[in-house]
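Student: Let me give you the structure first, and then I'll get to my questions.
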Amino acid sequence: MFGYVTPDKGELKVREFECYRAMYCGLCMQLKKDYGFVSRLLLNYDLVTVALLADGLSGQQGCPRARRCVANPIRRRCMQHDTDGLRLAADALVLTCWYKLADDLADEGLARRAAAWALRLLLGRARKKAAAARPQLDQALAGQTARQQALEKAGCAHPDEAAEPTGQMTAAIFAACAATPEQEHILRRMGLFLGKILYWLDAAEDFGQDQRRGRYNVFIRMGLSREKAAETAALQCRLAAGEVARCYNLLELKLNRPLLDNILFLGLPAGIRRAGEKREKQRYTATA
């Protein structure tokens, strides 16, 4: 994923902010526990939402603990600990990053390919462990990565078709959040449309860079200007966001409803309104 699925920080209550930060820091610690120190470099906000959703559906409270970490060695912070949602998020993060690096090896310049190759070398053991824990997810991500590369090689100029592999990857991750079989179909559809939103926002933001470097971008293939690409991305995202919201409202959450409401009904629309703009880095860590 791409770091677009975040809360609207200004609208969070203090307890909601603390809960979100505890989950973010908890995911960092889960990565370290399951996959070693290097895996913590992969941490992003999108998979925090996965952890919140999985635990919210199952109702698992977890065991928050006050701990120090490398980012904040002096002051203890509350961190969520060892929930099924965090384990899923950690596994999914390792796998998605592994296949993102595979995509980088296919279409980036020499320097970035070298960096991607080196990081894949470091993550090889972690990827094998994550794939063993989530074989169906690993298979889905591998298949959709190959599909994405084929579409790019063919010069796909249809935004919905180009976004389909990312949508299917996100669908597979969200389906793994289900606490009951009945939820799986809803979550898969929710993930499909959310994944497409992430793809379009990323393509709109990277438009200028992709144009300069001669890389594939579906909006460039469509012959759009940068401004028109941002408008097209925003329109596509708004249509998809309605289906994300419809699916989300069908779910019965036992925990984390206020936080997830903020992320999907405030944070995500704000990201869509900024389609095509470079994002400022948000912080939910100890220095936030």
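The values are calculated or read from the model by the stated rules, or taken from the named source; none is laboratory data. Everything quoted here is computed from the prediction, not taken from an experiment. So basically every Cβ, Gly included, is an ideal-geometry build from the backbone, and we count neighbours across all protein chains shown. Please note that ligands, DNA and RNA were not included when accessible areas were found on the heavy atoms of the full protein model with its side chains. Shrake-Rupley method; radii C 1.70, N 1.55, O 1.52, S 1.80 Å.
Student: Of these, L198, L224, which one is among the hydrophobic types (A, V, I, L, M, F, W, C) and free of Cβ contacts under 8 Å to residues at least 40 places away in the same chain?
Tutor: L224
Student: Further, regarding this structure: Can we say E161 is surrounded by fewer than 16 Cβ atoms within 10 Å (Cβ to Cβ) and among the charged types (D, E, K, R)?
Tutor: yes
Student: Follow-up question, since we're still on this one. For L123, state whether it is surrounded by 17 or more Cβ atoms within 10 Å (Cβ to Cβ), in contact with a Cys (Cβ under 8 Å, 6 or more places away or on another chain) and at pLDDT below 95.
Tutor: Here the answer is yes, as L123 does meet what is asked.
Student: Now a separate question. Only residues in the range 241-254 that are within 16 Å of L52 (Cα to Cα) and of a type in the set (K, R) count as the first member; pair them with residues that are open to solvent by less than 30 Å² (accessible area, probe 1.4 Å) and not in a helix (DSSP H, G or I), Cβ under 9 angstrom, at least 6 apart or cross-chain, and list the lot.
Tutor: Partner pairs satisfying both residue conditions: K254/G59.
Here is a yes/no grid of residues against (1) under 24 Å from L187 (Cβ atoms); (2) over 17 Å from the mean Cα position of the chain (by Cα); (3) among the aromatic types (F, W, Y); (4) surrounded by fewer than 18 Cβ atoms within 10 Å (Cβ to Cβ):
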residue	(1), (2), (3), (4)
G26	yes, no, no, no
L31	yes, no, no, no
S39	no, no, no, no
L42	yes, no, no, no
L47	yes, no, no, no
A51	yes, no, no, no
D55	yes, no, no, no
G59	yes, yes, no, yes
R67	no, yes, no, yes
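Student: Of the residues that make up the range 73-86, is at least one in a helix (DSSP H, G or I) and without any contact (Cβ under 8 Å) to a residue 40 or more places away in the chain?
Tutor: yes
Student: With the requirement that a residue be closer than 17 Å to A140 by Cα, assigned to a helix (DSSP H, G or I) and open to solvent by 20 Å² or more (accessible area, probe 1.4 Å), what does the range 177-197 give you?
Tutor: Within the range 177-197, E184, H185, R188, R189, L192, F193 qualify.
Student: Something else now. Which residue, of A114, A132, is modelled with pLDDT of 95 or more, farther than 28 Å from I272 by Cα and open to solvent by 20 Å² or more (accessible area, probe 1.4 Å)?
Tutor: Selected residue: A132, the only one of A114, A132 that is modelled with pLDDT of 95 or more, farther than 28 Å from I272 by Cα and open to solvent by 20 Å² or more (accessible area, probe 1.4 Å).
Student: For residues in the range 1-24 being part of a loop (DSSP other than H, G, I, E, B) and over 17 Å from the mean Cα position of the chain (by Cα), which is farthest from I272 (Cα to Cα)?
Tutor: Checked the range 1-24; the qualifying residue farthest from I272 (Cα to Cα) is K13.
Student: Also, quick follow-up: Can you pull out every residue in the range 208-258 that is surrounded by fewer than 17 Cβ atoms within 10 Å (Cβ to Cβ), part of a loop (DSSP other than H, G, I, E, B) and of a type in the set (S, T, N, Q)?
Tutor: Within the range 208-258, just S225 meets the criteria.
Student: Going by what's in this entry, would C63 be described as over 20 Å from the mean Cα position of the chain (by Cα), surrounded by 15 or more Cβ atoms within 10 Å (Cβ to Cβ), in a loop (DSSP other than H, G, I, E, B) and modelled with pLDDT under 85?
Tutor: Considered against the rule, which asks whether it is over 20 Å from the mean Cα position of the chain (by Cα), surrounded by 15 or more Cβ atoms within 10 Å (Cβ to Cβ), in a loop (DSSP other than H, G, I, E, B) and modelled with pLDDT under 85, C63 comes out as no.
Student: Within the range 139-158, which residues are open to solvent by 20 Å² or more (accessible area, probe 1.4 Å), in contact with an Asp or Glu (Cβ under 9 Å, 6 or more places away or on another chain) and within 16 Å of A171 (Cβ to Cβ)?
Tutor: Across the range 139-158, the qualifying residues are Q144, R147.
Student: Same structure, new question: Could you give every pair whose Cβ atoms fall below 7 Å, whose first residue belongs to the range 266-279 and is farther than 16 Å from L194 by Cα, and whose second residue is surrounded by fewer than 17 Cβ atoms within 10 Å (Cβ to Cβ) and of a type in the set (D, E, K, R), counting only separations of at least 6 or pairs across chains?
Tutor: Going by the 7 Å Cβ cut-off, the qualifying pairs are G276/R226.
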